[in-house]
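Some notes on the structure that comes next.
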Amino acid sequence: QVQLVESGGGLVQAGGSLRLSCAASGRTFSTYGMGWFRQAPGKEREFVAAISWRGGSSTVYADFVKGRFTISRDNAKNMMYLQMNSLKPEDTAVYYCARSRTVVGVRAQSEYAYWGQGTQVTVSS
C-alpha cells in the first residue's frame, strides 16, 4: 500500500515562511499527480495546490494562494513540497498531501487515492 508522510509544519509568525514536505513510499511515485489540501478547525478540507507527474508548469493553485505558495516535486527522491511564503493567520490548518489516481493533479478530493496523516501549520498574528 502507498504511504504518504508530511513534515515541515510548525508555528510561524504572520509574514513568515514554511516549507512542507511529503515523502511517498512505493516505486510508482513519479507516475502520478500529487496535491496539497488543508483543513482548518471547524471547516471542511479544501484544495490548496496540485502538480502533475511532469511538474514544472503543470500546476494548479487555489485562488487564495495569489502567488504566495509554490508546489514542486522531486521524483528521484519521491518527494513533494509546498513552499509557503507571506503566511497569514487564516492559513492555520492541518495540511495533507495526496496522490492522484492518474498522472494529473486536480482540485477534486475524490480524484485522490491516497492521503497522508497531515502536518499542523499554525500562523500567529
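The values are calculated or read from the model by the stated rules, or taken from the named source; none is laboratory data. The model shown is predicted, which means the values in this text are computed figures rather than measured ones. Here Cβ is always computed from backbone atoms with ideal geometry, including for glycine, and neighbour counts include all displayed protein chains. To get the accessible areas, we keep the full protein, side chains included, count just its heavy atoms, and leave off ligands, DNA and RNA. Shrake-Rupley method; radii C 1.70, N 1.55, O 1.52, S 1.80 Å.
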Taking the options Val60, Val94, name whichever one is modelled with pLDDT under 95, under 14 Å from the mean Cα position of the chain (by Cα) and in a strand (DSSP E or B).
Val60
Taking the condition in contact (Cβ under 8 Å) with a residue 40 or more places away in the chain, at positive phi, open to solvent by less than 70 Å² (accessible area, probe 1.4 Å) and polar (S, T, N, Q), does Ser86 pass?
yes
Out of Gly42, Gly105, which single residue is in contact (Cβ under 8 Å) with a residue 12 or more places away in the chain and part of a loop (DSSP other than H, G, I, E, B)?
Gly105
Being of a type in the set (A, V, I, L, M) and either at pLDDT 90 or above or within 18 Å of Tyr95 (Cβ to Cβ) (or both) is the filter here, so list the residues in region 1-34 that pass it.
Leu4, Val5, Leu11, Val12, Ala14, Leu18, Leu20, Ala23, Ala24, Met34
If you take the residues of region 59-69 that are open to solvent by 60 Å² or more (accessible area, probe 1.4 Å) and of a type outside the set (Phe, Trp, Tyr), which of them is nearest to Ala49 (Cα to Cα)?
Asp63
Name every residue in region 116-125 that is modelled with pLDDT of 95 or more and either in a helix (DSSP H, G or I) or open to solvent by 60 Å² or more (accessible area, probe 1.4 Å) (or both), in order of residue number.
Gln117, Gln120
Would you check if Ser72 is out of contact with any Ser or Thr (no Cβ under 8 Å at 6 or more places or on another chain), polar (S, T, N, Q), over 29 Å from Ala14 (Cα atoms) and surrounded by 13 or more Cβ atoms within 10 Å (Cβ to Cβ)?
no
Looking at region 82-89, is at least one residue at pLDDT 95 or above and of a type in the set (D, E, K, R)?
yes
With the requirement that a residue be charged (D, E, K, R) and open to solvent by 40 Å² or more (accessible area, probe 1.4 Å), what does region 89-105 give you?
Glu90, Arg101
